[in-house]
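Notes follow once the structure below has been shown.
Laboratory data are not the source of any read-out in this text; all were calculated from the coordinates shown. What you see is a predicted model; the values in this text were computed from it and never measured. All Cβ positions, glycine included, derive from the backbone under ideal geometry; neighbour counts span all protein chains shown.
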Amino acid sequence: MNVSLTAVAIGVPWLAAILAVVTRRQVRAIAFAAALVSVAASTLLVQAAPARESLNPALMLLFSCLTLGSTLLLARRDCTPGTIGGIQFLLGSTLLAYSTDDLRILLAGWILSTVPFFFEQWFGVRSWRPRFGLLASSAALAAAIALIAVSGQAMSIAALKERSPGGMAVFGLLVAAVILRKGICPAHAWVADAAGSGPAIPTALLFNGHFGAMLVAKLIVPLFPNTARDLFPLLSYLAMATALYIAIRALTENSPRRLLSFIALSQSACILAGLESRTVEGITGALVHWFVVTASTMGLFGILRLLEVRFGENLTASKHLGLGEHAPRLAVFFAVFALALVGLPGTLSFCSQDLLIHGTLESHPLTGLLLPIATAMNAVSVLRLFARLFLGKRRTGFTVMADALPRERWVLTAGVLFVVVFGLYPSWIVTLRSAQAETVEEALQVQVPR
Amino acid sequence: MIEDYSQILLVFAVLAPGVLFVVLGVLWLLGWSPVERVISRLTGLTFTASIFALAAIVWKLAVTGTPAVIVTFGNWFTVRDYHFPLVLMADRLSLPFLGMTVVLAGLIGRFSATYLHRERGFLRFFLLLHLFAFGSLLAFAAGSFDLLAGGWEMVGITSVLLIAFFQQRTAPVENALRVFAVYRACDIGLLVAVFAIYNWAGTASFAGGLPVLSGSHATIVCLLLLLAASGKAAQVPFSGWLPRAMEGPTPSSAIFYGAISIHAGAYLLLRVQPIIGQSLLASAAVVTIGVLTAVHGTMSGRTSADAKTFLAYASLTQVGVVFVEIGMGWKWVAVVHILGHATVRTLQFLRAPSMLHDYHKMHSRVGGELAPTGKHLDTLLSDRTQMWLYRWSLDRGHLDTILDRWVIYPLMVVSRLFARLDDVGGVR
């Protein structure tokens with residue numbers, strides 16, 4: 001990757017974070033400009049990268065766009081120097097982890113992205129579980145990289161390819177890092193705690209970094225192809241079981257934020273299941289689904305936060321609130337993102353779900369059935385949330401509130417266009433991801449007979 | 001690709017309602033709210049043009065003796081050996097369904113312009129009507145099971161959104177959610193069947209003839225498709241959602257549960273009827289479900305307290321009989337039955353509100369209730385059996401009770417158990 005462009009993409013948000021915290025003025029404008037620079041730099045990186053190596057720059061572009069959108073979507077109440085600084089810091093750290101080929105820098109990016117969540121003035125949460133989850137995942141990754149360093153190996157991912165550095169101990173630690181960071185069962189509860197008690201948009205950004213899936217695609221598969229080939233079925237079962245477990249768990253959850261986090265977790269477990277399916281269809285589906293889940297969950301969390309700001313933070317899914325009467329456009333945006341998350345035809349997730357189901361059923365004909373079952377349950381849960389929030393009798397306690405403001409409408413429209421336009425013309429994005437999927441599949445050196 | 005006018009007409013007929021949905025929807029999002037007259041005229045024009053387009057296709061097929069009009073757009077997306085083919089097809093099976101959809105959707109559009117006049121959700125209703133018509137046309141004109149699944153899902157979601165049309169009331173919203181849950185559960189059958197067909201036959205396209213399946217493969221695929229068809233057609237044991245779906249406005253009930261949506265399941269089975277015919281088990285399963293549904297429908301309908309639910313159960317009974325016909329291999333009898341039934345039932349649904357008024361008028365003119373007709377064979381049964389049957393029918397075959405007790409309740413118990421496990425050490 002072009003070093004100077006990468007440095008710009010990473011460095012500018014970090015500078016913006018410092019500037020926002022120091023000057024404490026025009027913070028939204030500063031953050032917007034910084035995220036825009038990151039988007040531009042990442043776009044150039046995507047254009048320069050060959051198709052088979054475009055995953056990292058594509059992820060950088062996606063995350064920069066998410067941050068750009070989040071900056072505009074943030075309610076005025078949330079747009080403090082601390083929040084803006086934290087988001088920009090998170091952006092820089094995440095891009096650092098995506099872009100690097102060096103294990104030490106990857107570890108630094110991984111740890112730095114969690115830092116704002118340990119400080120009260122940034123995104124600190126009351127519950128101990130998010131802090132423990134993030135700390136334990138960082139510790140597992142640090143231990144794995146330390147073991148590789150101790151064994152006298154190089155620190156470059158390219159140099160370590162197919163060499164299984166550190167053997168099973170390192171593999172185990174990397175898998176533990178994935179499970180802890182990605183919120184795979186039984187380490188899933190911290191994500192719901194973070195979403196429930198932390199700031200909505202920064203937590204959604206942290207989760208949508210999908211560092212667990214990135215570690216699988218970027219590190220585990222290239223470094224440990226043989227071990228991965230043997231043990232991926234087990235991991236795949238675990239991911240599918242997680243998708244189902246959390247989908248069932250979501251059925252009785254009434255806190256909108258926790259419910260959304262469960263649905264997002266369950267859908268992103270599908271990403272891991274696809275990556276571990278060892279088929280090009282499954283891996284491509286996972287990579288495309290990665291983009292869909294990220295865009296949709298950011299949109300949903302953003303809308304939920306806007307509703308909280310307008311109607312109070314004690315929203316619940318236990319009764320009908322009828323907010324659609326007050327905010328019909330927010331309701332439409334929510335419905336589209338919700339249905340896009342669970343495979344509505346005409347959205348990109350219809351293609352990604354199709355590929356995921358084909359891939360996982362091909363590699364695991366029986367356990368693969370868990371995936372469509374989990375998706376069906378998630379669809380019911382997300383529609384329940386929509387129905388409870390937006391439909392039903394209008395609450396008389398609320399005064400008249402603004403629907404989506406122009407600034408919010410533009411961002412949400414861009415998100416909707418992303419999932420719908422690529423849903424109608426998926427071949428470009430699927431072909432790009434398919435090229436990267438072939439790289440992953442070739443690394444695993446497995447051809448599942450048809 | 002497109003080579004002659006009949007292909008252009010087929011594409012137009014399928015896409016027209018979808019394009020209108022997108023245009024009206026985007027304009028609304030941009031702040032334009034069209035007046036009722038514009039919406040109803042655009043709807044009328046669209047469906048009238050579609051009717052003429054389909055008529056021209058029928059004419060062409062009749063004159064040239066061509067079996068089908070097929071439009072191939074290549075693959076929607078490709079991943080190594082896996083393709084999602086975009087093929088539209090109008091053949092002797094799909095054309096009657098396509099015709100039925102555009103004619104009835106046009107009629108419903110015309111009727112609704114008056115019926116929903118000054119209703120707050122007027123535009124929303126028409127948007128959903130167009131999306132539904134597009135989904136149905138896509139499902140009926142699909143040349144591959146993948147594309148059929150896309151249209152199928154669209155029909156499902158519009159159906160749910162129309163059940164929740166009167167969104168200020170809690171009951172329609174909750175019933176819509178229940179219907180959605182049943183649809184999604186049964187659609188798993190279709191998704192897995194599409195995968196199985198692709199995996200075993202190497203293609204999910206049927207534009208050049210049905211994929212070849214034999215033995216246990218044929219049976220498994222047929223049973224999976226039967227699950228999907230039963231969910232969409234409200235067959236036993238999934239019939240419980242049908243009375244709940246009557247919460248929607250009458251025109252949508254007419255087109256969904258009297259005509260198009262309720263017969264989509266039968267269309268799916270008709271499409272794979274040659275494969276069903278290969279498997280004795282699948283044929284027997286289709287016939288059994290059809291018989292059980294017909295009996296359930298006629299019994300439950302007789303104890304229904306409102307006209308729409310009574311009509312819905314009457315519809316269910318007929319669709320049960322259609323399933324029997326398909327299971328027995330009487331494909332064209334089933335097609336004719338569907339066309340006749342859909343037309344009559346739509347009329348009955350649309351007449352339901354004014355029919356009650358007419359009955360009251362008639363009763364007042366004859367000076368009381370009309371004399372009962374026919375023999376009451378139920379008197380041949382003992383009082384105890386009659387009472388049991390009455391209670392069974394009144395509770396709609398206990399299907400919802402069974403579903404609640406054996407599926408939903410255990411699922412909720414497990415979910416709450418998981419919640420308690422998650423809460424250990426957590427902070428709310």
task: Below 24 Å Cα-Cα, how many Lys pairs turn up in the protein assembly as shown? Only count pairs eight or more apart in sequence, or on different chains, if you could.
output: 8
- request: Order these peptides, B:91-104, B:59-72, by their mean beta-carbon neighbour count within 10 angstrom, highest first.
  value: B:91-104, B:59-72
statement: Output for segment A:295-346: trypsin sites (Lys or Arg not before Pro) sitting in coil per DSSP, at most 15 other Cβ within 10 Å, listed by number, reads A:319
query: Counting each DSSP H run of 4 or more residues in chain A as -39500 (n - 2.57), what helix-only mean residue ellipticity at 222 nm follows after dividing by all residues, to the nearest 500 deg cm²/dmol?
result: -24000 deg cm²/dmol
- prompt: What does the charge add up to near residue A:423, with Lys and Arg as +1, Asp and Glu as -1, over the other residues with Cβ less than 13 Å from its Cβ?
  reply: -2
field: Length-normalised contact order of chain B in % [C-alpha pairs under 8 Å, at least 6 apart]
entry: 12
- prompt: Considering every residue in B:167-179, what mean count of other chain Cβ atoms within 10 Å of its Cβ is obtained?
  reply: 5
message: Placing unit charges on C-beta atoms (Lys and Arg positive, Asp and Glu negative, everything else neutral), compute the dipole magnitude of the protein assembly as shown about its Cα centre in debye, rounded to 20.
response: 2040
field: Signed unit charges on C-beta, dipole axis of chain B, positive-most listed residue B:205, B:370, B:58
entry: B:370
field: Exercise: per-residue mean of other protein chain Cβ atoms within 10 Å, B:183-189
entry: 5
query: Dipole of segment A:233-450 (Lys/Arg Cβ +1, Asp/Glu Cβ -1, origin at the Cα centre): which of A:401, A:299, A:284 lies farthest to the positive side?
result: A:401
Farthest toward positive dipole pole in the protein assembly as shown [+1 Lys/Arg, -1 Asp/Glu at C-beta], among A:200, B:313, A:177: A:200
- line: With -39,500 (n - 2.57) per DSSP H segment of 4 or more residues and division by the full residue count of chain B, the 222 nm estimate, nearest 500 deg cm²/dmol, is -24000 deg cm²/dmol
- request: Take the alpha-carbon centre of segment A:90-107, take the same for segment B:128-158, and report the distance between them in whole Å.
  value: 44
message: Could you compute the net charge surrounding residue B:414? Neighbours are other residues with a C-beta less than 13 Å from the C-beta of residue B:414; K and R count +1, D and E count -1.
response: +2
Helix runs (DSSP H) in chain B reaching 18 Å along axis by Cα, Kyte-Doolittle at least -0.5: B:5-29, B:36-64, B:94-115, B:122-141, B:145-163, B:170-201, B:215-232, B:280-302, B:307-328, B:331-366, B:409-423
- request: Please give the average number of partner chain Cβ atoms lying within 10 Å of the Cβ of each residue in A:386-394, rounded to a whole number.
  value: 5
query: Distance from the Cα centre of segment A:234-275 to that of segment A:305-371, in angstrom?
result: 13
task: Quick one: check the C-alpha center-to-center distance for segment B:349-395 versus segment A:4-66, whole angstrom.
output: 72
message: Is the C-alpha gyration tensor of segment A:1-149 telling us rounded, prolate or oblate? Criteria: a/c under 1.5 is rounded; beyond that, a/b larger than b/c is prolate, otherwise oblate.
response: oblate
field: In sequence order, calculated HN-Hα J values of segment B:65-79 (Karplus, 6.51, -1.76, 1.60; Hz; x Gly/Pro)
entry: x, 5, x, 7, 9, 10, 10, 10, 9, x, 9, 5, 8, 9, 10
field: Percent RCO, i.e. relative contact order, over segment A:233-450, from Cα pairs under 8 Å lying at least 6 residues apart
entry: 31
task: Please list A:238-247, B:170-179 highest first by mean number of surrounding beta-carbon atoms within 10 Å per residue.
output: A:238-247, B:170-179
query: Tally Lys and Arg at +1 and Asp and Glu at -1 over the other residues with C-beta under 10 Å from the C-beta of residue B:160: what net charge comes out?
result: +2
field: Packing-based exposure ordering (other Cβ within 10 Å, fewest first) of A:287, A:107
entry: A:107, A:287
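Would you mind putting A:87-94, A:62-69 in packing order, based on average other-beta-carbon counts within 10 Å, highest first?
My ranking of the peptides, most packed first, is A:87-94, A:62-69.
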